[in-house]
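**Q** Below is the structure I would like to discuss, written out as structure tokens.
The values are calculated or read from the model by the stated rules, or taken from the named source; none is laboratory data. Predicted model only: the values in this text are computed from it and were never measured. Note that each Cβ is placed from the backbone with ideal geometry, even for glycine, and that neighbours are counted across all protein chains shown.
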């Protein structure tokens, strides 16, 4: 049985996302099975529910908007091709980063003009 909060979110997703009831049920079974603090990966959501990437991202965006999951940002370095160990919970914090924590190189002018090009977003089930 879904919590009241999750039942409310379920109804929102039904109204906002073009998805079959079976696929939505599978999505919620997967999400509900995760422990608090676990990452909710769009790829797993797609595979377990047989939905498209856009549908998975729409679901995750609604879950974030309703504060059921948290957005987690990590920086990808264009020099060493690695992701930062640091996790950020605000895009404002990410925009202030000027060098890679792995290779210590300054980011390129391209990064400084468009830092969002090098950001990975994940979703973490709230605790």
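**Q** Look at residue 6 and say whether it is modelled with pLDDT of 90 or more, outside any loop (DSSP other than H, G, I, E, B) and either surrounded by 14 or more Cβ atoms within 10 Å (Cβ to Cβ) or touching a strand residue (DSSP E or B) at 6+ places or on another chain (Cβ under 9 Å) (or both).
**A** no
**Q** Applying the selection to the stretch 9-33, what residues are free of Cβ contacts under 8 Å to residues at least 40 places away in the same chain and outside any helix (DSSP H, G or I)?
**A** 18, 20
**Q** If residue 86 satisfies all but one of (1) in contact with a helix residue (DSSP H, G or I) (Cβ under 7 Å, 6 or more places away or on another chain); (2) modelled with pLDDT of 85 or more, what's the number of the condition it fails?
**A** Tallying (1) in contact with a helix residue (DSSP H, G or I) (Cβ under 7 Å, 6 or more places away or on another chain); (2) modelled with pLDDT of 85 or more, residue 86 fails exactly one: (1).
**Q** With respect to the numbered conditions (1) without any contact (Cβ under 8 Å) to a residue 60 or more places away in the chain; (2) in a strand (DSSP E or B), which one is the sole condition not fulfilled by residue 122?
**A** Exception for residue 122: condition (1).
**Q** May I ask you to say which residue of 36, 106, 54 is exposed (fewer than 14 other Cβ atoms within 10 Å of the Cβ), within 27 Å of residue 4 (Cα to Cα) and touching a strand residue (DSSP E or B) at 6+ places or on another chain (Cβ under 6 Å)?
**A** After applying the criteria, what remains is 36.
**Q** Still on this model: Identify, please: which residue in the stretch 77-93 is over 15 Å from the mean Cα position of the chain (by Cα) and under 15 Å from residue 113 (Cα atoms) and is, among those, surrounded by the most Cβ atoms within 10 Å (Cβ to Cβ)?
**A** 77
**Q** Take the stretch 39-50 and flag every residue that is in contact (Cβ under 8 Å) with a residue 12 or more places away in the chain, surrounded by fewer than 22 Cβ atoms within 10 Å (Cβ to Cβ) and closer than 14 Å to residue 22 by Cα.
**A** 48, 50
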